[in-house]
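Written below as structure tokens is the structure these notes are about.
The values are calculated or read from the model by the stated rules, or taken from the named source; none is laboratory data. Values in this document were obtained by computation on a predicted structure and should not be read as measured data. FYI the Cβ positions are ideal-geometry reconstructions off the backbone, even for glycines, and counts take in every protein chain you see. With ligands, DNA and RNA removed, areas are computed over all heavy atoms of the protein, side chains included. Shrake-Rupley method; radii C 1.70, N 1.55, O 1.52, S 1.80 Å.
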Amino acid sequence: MHTFPYIIELLSPKRSPAEKVDRLLDRFAARFRQIMDAGCGVSIPDNPMGQPRLGALESMDRMRLPIDPEKVIMNLNTFHTKKELDQLLDRAADSGLKHLLVVRGDGGPLLSKLDPGEIGGEKSVATSIDLIRYIDRSYSGRFITAAAFNPYKPSRIELERMKQKIAAGAAYAVTQPIIGRDAGVDELLSLDIPVVVEAWMSTNIDLFNKSVGRKSSQQEDDYDPVANLKSLHDHYPESCVYMSMLSFKQSWKQVLPRLSS
């Protein structure tokens with residue numbers, strides 16, 4: 001699916017305080033260019049942790065950053081009004097952006113909620129499956145959609161949900177961050193779709209466990225993200241790797257082995 005070795009997560013600026021936005025946009029632009037210069041893809045989350053942020057396209061437009069349709073991945077969740085959702089998708093299609101990572105999202109009191117009925121959903125809340133299906137039907141052939149996979153949920157349930165996401169139009173999967181070889185990800189590979197595995201590049205293992213709802217382990221007190229990345233390359237050599245919590249201040253060639261090859 002992707003010809004580059006890594007997808008690097010890049011947060012867009014928070015919407016407040018307003019006086020800091022210009023400075024944060026400058027930092028966003030510098031980091032965006034750093035990712036592009038390294039030959040990697042970039043993934044820009046959609047209001048992560050329920051915190052209102054500038055959108056991916058909004059940030060790129062304001063800083064006049066070019067969109068490489070193969071390397072820019074816009075995340076999209078269900079915490080938008082239908083009007084906002086359509087405006088985002090229309091703008092993405094018009095800009096030439098191709099890749100979307102669709103997730104349910106974190107939500108929060110400061111964010112809108114998508115009415116499931118407005119996109120053809122039948123449950124009380126809009127799901128990522130509803131959103132993938134809506135994009136596939138309403139914007140047929142205009143986007144390549146990725147779906148999230150959580151190996152920390154019961155395997156049978158999560159695999160069934162992934163099958164539903166594929167049926168709805170998802171072309172590939174992006175996992176939650178994993179440590180070494182993961183049984184759930186191994187089962188996911190049996191669905192015969194491209195899989196992007198996620199690497200947690202911070203030593204803060206407690207935050208990792210909290211983020212994915214995973215129980216802590218004494219064996220991980222000395223978690224080494226670089227060693228774990230090497231393990232992921234060994235176990236999943238065909239997979240592109242999604243990098244979360246990667247520092248922009250270190251030399252990437254020293255920690256990302258595929259940049260050196």
Practice problem: Give the range 162-211 a look and list any residue that's in contact (Cβ under 8 Å) with a residue 60 or more places away in the chain and either aliphatic (A, V, I, L, M) or surrounded by fewer than 18 Cβ atoms within 10 Å (Cβ to Cβ) (or both), or say none. | Solution: Ala170, Ala171, Val174, Pro194, Val196
Practice problem: May I ask you to say which residue of Asp136, Asp94 is acidic (Asp, Glu) and within 29 Å of Val185 (Cα to Cα)? | Solution: Asp136
Quiz prompt | The lone exception for Gly50 - which of (1) over 21 Å from Asp90 (Cβ atoms); (2) open to solvent by 30 Å² or more (accessible area, probe 1.4 Å) it fails | solution = (2)
Exercise. Looking only at the range 59-74, count how many residues are surrounded by fewer than 22 Cβ atoms within 10 Å (Cβ to Cβ), free of Cβ contacts under 8 Å to residues at least 40 places away in the same chain and not in a helix (DSSP H, G or I).
Key: 7
Practice problem: Would you check which residues across the range 112-133 are open to solvent by 30 Å² or more (accessible area, probe 1.4 Å) and either part of a helix (DSSP H, G or I) or touching a Gly at 6+ places or on another chain (Cβ under 9 Å) (or both) and list them? | Solution: Lys113, Asp115, Gly117, Glu118, Arg133
Self-check item: Residue within the range 34-47 that is in contact (Cβ under 8 Å) with a residue 60 or more places away in the chain, outside any helix (DSSP H, G or I), in contact with a Phe, Trp or Tyr (Cβ under 9 Å, 6 or more places away or on another chain) and of a type in the set (S, T, N, Q) present
Solution: yes
Quiz prompt | Identity of the residue in the range 1-33, among the polar types (S, T, N, Q) and in contact (Cβ under 8 Å) with a residue 40 or more places away in the chain, that ends up nearest to Val197 (Cα to Cα) | solution = Thr3
Quiz prompt | In the range 98-109, residue farthest from Glu9 (Cα to Cα) [restricted to those that are in contact with a helix residue (DSSP H, G or I) (Cβ under 7 Å, 6 or more places away or on another chain) and assigned to a loop (DSSP other than H, G, I, E, B)] | solution = Gly108
Practice problem: Evaluate the following for Asp234: is it open to solvent by 70 Å² or more (accessible area, probe 1.4 Å) and modelled with pLDDT under 95? | Solution: no
Quiz item: Just to be sure, is Arg142 surrounded by 14 or more Cβ atoms within 10 Å (Cβ to Cβ), charged (D, E, K, R) and closer than 26 Å to Leu10 by Cβ?
Solution: yes
